[in-house]
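Single-structure report; data block below.
The values are calculated or read from the model by the stated rules, or taken from the named source; none is laboratory data. These numbers come from a predicted model, not from an experiment. Neighbour counts run over all protein chains shown; Cβ positions are idealised from the backbone, glycine included. Accessible surface areas use protein heavy atoms only, side chains included; no ligands, DNA or RNA. Shrake-Rupley method; radii C 1.70, N 1.55, O 1.52, S 1.80 Å.
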Amino acid sequence: MIVVLPCFNEEKRLDPRGVAQLVADPRIDVILVDDGSTDGTRALLESLAARHPTRVTALSMGRNSGKAEAVRTGVNLALERIARGESRDDLVGYLDADFATPPEELSRMLDKIEASHAKVAMGSRIARLGAHVRRKQTRHYLGRLFATTASMVLDMSIYDTQCGAKLFRDTPALRAAMSVPFRSRWVFDVELLGRLTTGNADAPGLSVDDFLEIPLQVWEDVRGSKLGVKGALRGGMDLLRLGARVKSGGRSEFFPKK
């Protein structure tokens, strides 16, 4: 599998030990995407790539384009490598660079999708007995409101659309979904899921049975998150706008008009 880590000004938060843990799993290669950082992130990513030359790639966006475009760019590079036969399998994913979802959880998600027929596996942050899932209360309740609204927009019952750990099999639906930029920097995960289930003229959409939500055993808020109150409000407004477009124009609205 090739996992993409989008990075913007992560010099002080990206733990090199987390990258080393990822590649300690022989199934996982890593693409680190610098989204036009203004600190020492780019140099850090290049040093990590030099430390693991056959397993880690550092990619620079040149200018800040947002997490959505950083993820899309990294995933498309991963899909190109899969098409050239340079990957061990047909799986690609993305993960937040703060490792709120730790590397061992990504490996566990990989076990689950490999053992299933699912084409998409999504981490789900469910606080429950036997799990160490720690979120600030305000973010938890805002997240529940957001997830409920997102489920209505997508017409799918999803507990957690915004968890930063997602895995995908290489399918025509995924390639179509990643072929054009996302409208929103803040709710691109919802756009992506909508595109995957809608499809287009070149690629049929996936069915609900193709998706797997995996409750995480460990997840913890990491200080310094880029998503503050303003970002959450912008995300909520973006979601409402997306829902209004889908209601008036149909599911094709998940794809921007060319």
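What the table shows:
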item: The stretch 1-38, residues that are open to solvent by 40 Å² or more (accessible area, probe 1.4 Å), within 17 Å of M61 (Cβ to Cβ) and more than 17 Å from the chain's Cα centre (by Cα); result: N9, E11, T38
item: Conditions (1) part of a loop (DSSP other than H, G, I, E, B); (2) surrounded by fewer than 22 Cβ atoms within 10 Å (Cβ to Cβ): number failed by E69; result: (1)
item: Unmet criterion (only one of (1) on the phi > 0 side of the Ramachandran plot; (2) in contact with an Asp or Glu (Cβ under 8 Å, 6 or more places away or on another chain)) for G250; result: (2)
item: Failed condition for G123, given (1) in a helix (DSSP H, G or I); (2) open to solvent by less than 10 Å² (accessible area, probe 1.4 Å); result: (1)
item: Strands (runs of 3 or more DSSP E) contained in the stretch 153-258 and holding at least 3 residues under 22 Å from I113 (Cβ atoms) and either in contact with a Lys or Arg (Cβ under 8 Å, 6 or more places away or on another chain) or of a type in the set (D, E) (or both); result: 211-215
item: Residue in the stretch 148-182 that is farthest from L242 (Cα to Cα), counting only those that are among the acidic types (D, E) and under 17 Å from the mean Cα position of the chain (by Cα); result: D170
item: Breaking point among (1) in contact with a Cys (Cβ under 7 Å, 6 or more places away or on another chain); (2) outside any loop (DSSP other than H, G, I, E, B), for Q21; result: (1)
item: Residue under evaluation D98, criteria (1) assigned to a loop (DSSP other than H, G, I, E, B); (2) in contact with a Leu (Cβ under 9 Å, 6 or more places away or on another chain); (3) within 20 Å of I2 (Cα to Cα); (4) open to solvent by 60 Å² or more (accessible area, probe 1.4 Å), criterion not met; result: (4)
